[in-house]
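Below is one structure; the comments refer to it alone.
The values are calculated or read from the model by the stated rules, or taken from the named source; none is laboratory data. All figures in this text were calculated on a predicted structure; none of them were measured in a lab. Every residue, glycine among them, receives a Cβ derived from its backbone with ideal geometry; neighbour counts consider all protein chains shown. For accessibility, only protein heavy atoms count, side chains too; no ligands or nucleic acids. Shrake-Rupley method; radii C 1.70, N 1.55, O 1.52, S 1.80 Å.
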Amino acid sequence: MSMDLGTSYYALLEIDPGANEDDIRRAYKRLVKLFDAEGPVVYGLYPDEEVETLSRALREAYETLIDADKRRRYDLGLFPEGHPSLRRADQREAASQPRRRPEPPADPLAALDLPETTPLRGAVLLRVREVCHLSLQDIAERTKISMFTLRCIEGEHYADLPARVYLRGFLRQIADMLRLDADRLVRDYLAAYDDWQRTFESKSWPG
Amino acid sequence: MGQDRRHDEDEKRMTALRGPTTVDDSIEDAEDALDESAVDLPSLAGQIPWSDEREGPFVVALVGGKGGVGTSLVAANVAVFLSRLGREVVVADGAAGGANLHTYLGVEPLLPSPASLLRAPGPPRLDRVPGMSLRLCRPPRPIGGGPDAPARREVLETTLGVDADVVVLDLGAQADPLTLDTFLAADAGVMVVMPEPAGVERTYAFLREALVRRLVSGDDRPAREARALLEADEGDELGTPSRLVAALAAVDPDAADAIRARVLAFTPHVLLNKCRSRADTELVDGIVSALRRRWGVSAEPLGALEYDDAAWHSARRRRPLLIEYPGSALAERIERMARRLLALAVRQPVRDERRG
């Protein structure tokens, strides 16, 4: 029966074996407050000496679990083969670790086996990004360029791109991440952008 | 002047909480409206599932840790809410000595003549609450006598014999055998507790008696052996169920298993009332935790109701809180708590298996 709560420090503190330090601290603080000898919870249920025993047990559980070394030793004794919820916690921790990526090639353009003269524009940027095992999200997180703008750059949706001065800066950041020659990317991409700009202006304001 | 202004502001606030069934401020108008307004609230029928396979009513028994904790207010309003769900409900006034549930339901008081007080009291009264699928069963005289008065027993027996979906029993604040047995036999036994030491202590006292009665009353072998051990325990060594089970295991392991199962199947519900602070509301978890640690009893927290002037105002108007102030925080909390109780009714087959 649960009168045997004292057999496990986790049960004593009413926490899961996968609980982190914050959970342990919060649980201990809450229980110390609830089971205060002067509080109403124990009044009429616990004799004074048993309130003191409970208080000592709570403190012992807290001091063991809050100390990483003591907790490891305690867990080994309590769950020799690893508690399921501890294993789940390990899996969660592993899932929260950054994913290991394959190392990108030193020269992505060479890896793509493209002719030297191929202009660096949207479609090539997409292929280079893929060979470097990077997602648009990865680039957005690192460079702080919005996903929308990155899609527009790769898709060559010039009408939706920011002003030229900003675009130049973005292209340099992308070149840095994709291990490309930044001057060449800026030159090739902006040449295509300027072509579109001229065509757009000639259509909009003829003469 | 300042007092008048405060009073006016208070009135305005309560009027805002009153919701759709507004009643004029004068007492005469309020009394006139008693018979008419109870039907104004929309039915909630069909909103919550109900097990039609149930045999007999779902019985909720409410006991107060001590007098004045609000058991009658809670019982009346839980009954009103369940009847609004389309269930046929009977609520029993089983508080010894001072039956006043009718006041919280807007039902007229009984005014026995002096001559009738000299005659035998007669059977309990069963009155329908105007405009609701709700009936009130109460003793034929307002002062029904002590806990073991025959009139009280008759009220409870009559109520449990009525054809209804739900029975709500207001058992008052005593711990006599009739109250304990009725509480233990209910589908949901609810302790209404006030967040202060005397109230909590009385709650433990009641639950202690109920638990011991559950373990040792009866004529089966485990009960007989447990009773014999407790009767021989002059030094009060067997102060907790775990010690009793351990002592019993040494002489009869099967009986010890049976007693352990009875402890685990004892699942009283704890409802805190008149909470004034966050620390008060947290007390319900503390009580549940303490019962589990000390006795191994799996009490279930039913929630915490905050202190609300709306309760006092609705009592003054002699109308159910849920109808007079449906928009109040207290009314919402009571509804939420009643929904939890209903969830028990739906999953009752599981509970029945556990009890067996």
request  = Please find the FRET efficiency linking residue B:126 to residue B:153, where r is the Cβ-Cβ separation and R0 is fixed at 22 Å, and quote it to the nearest 0.05.
outcome  = 0.90
query = Just how many % of Cα pairs in region B:194-307 lie over 18 Å apart, if you round to the nearest whole percent?
reply = 53 percent
inquiry  = Run through region B:132-234 and list the GluC sites (Glu not before Pro) located in a DSSP loop whose Cβ has at most 11 other Cβ atoms within 10 Å.
reply    = B:234
note = Interface B-A: total buried accessible area (1.4 Å probe, Å², nearest 100) of 2000 Å²
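Grab the beta carbon distance between residue B:100 and residue B:243, set R0 = 45 Å, and tell me the FRET efficiency rounded to 0.05. Before the final figure, lay out each step's value.
On the way: r = 42 Å, r/R0 = 0.93.
Efficiency, rounded to the nearest 0.05: 0.60.
Give me the net charge for the shell around residue B:133: Cβ to Cβ below 11 angstrom, other residues only, Lys and Arg +1, Asp and Glu -1. Before the final figure, lay out the partial values.
Values: positive: B:84, B:87, B:128, B:135; negative: B:88, B:165.
In short, +2.
Checking the a/c ratio against 1.5 first, then a/b against b/c, what shape does the Cα gyration tensor give for region A:108-204?
Details: a/c = 1.99, a/b = 1.32, b/c = 1.51.
Taking the square roots of the gyration eigenvalues as a ≥ b ≥ c, region A:108-204 is oblate.
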query = How many nm separate the modelled label positions at residue B:219 and residue A:195, each set 7 Å beyond the Cα in the direction of the Cβ?
reply = 10.5 nm
request  = At 7 Å along the Cα-to-beta-carbon direction for both residue B:279 and residue A:59, put a label point, then send me their distance in nm to one decimal.
outcome  = 2.1 nm
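For an R0 of 41 angstrom, estimate the FRET efficiency from the Cβ-Cβ distance between residue A:38 and residue A:160 and round to the nearest 0.05. Don't skip to the end; give the middle numbers.
Values: r = 68 Å, r/R0 = 1.65.
Efficiency at R0 = 41 Å is approximately 0.05.
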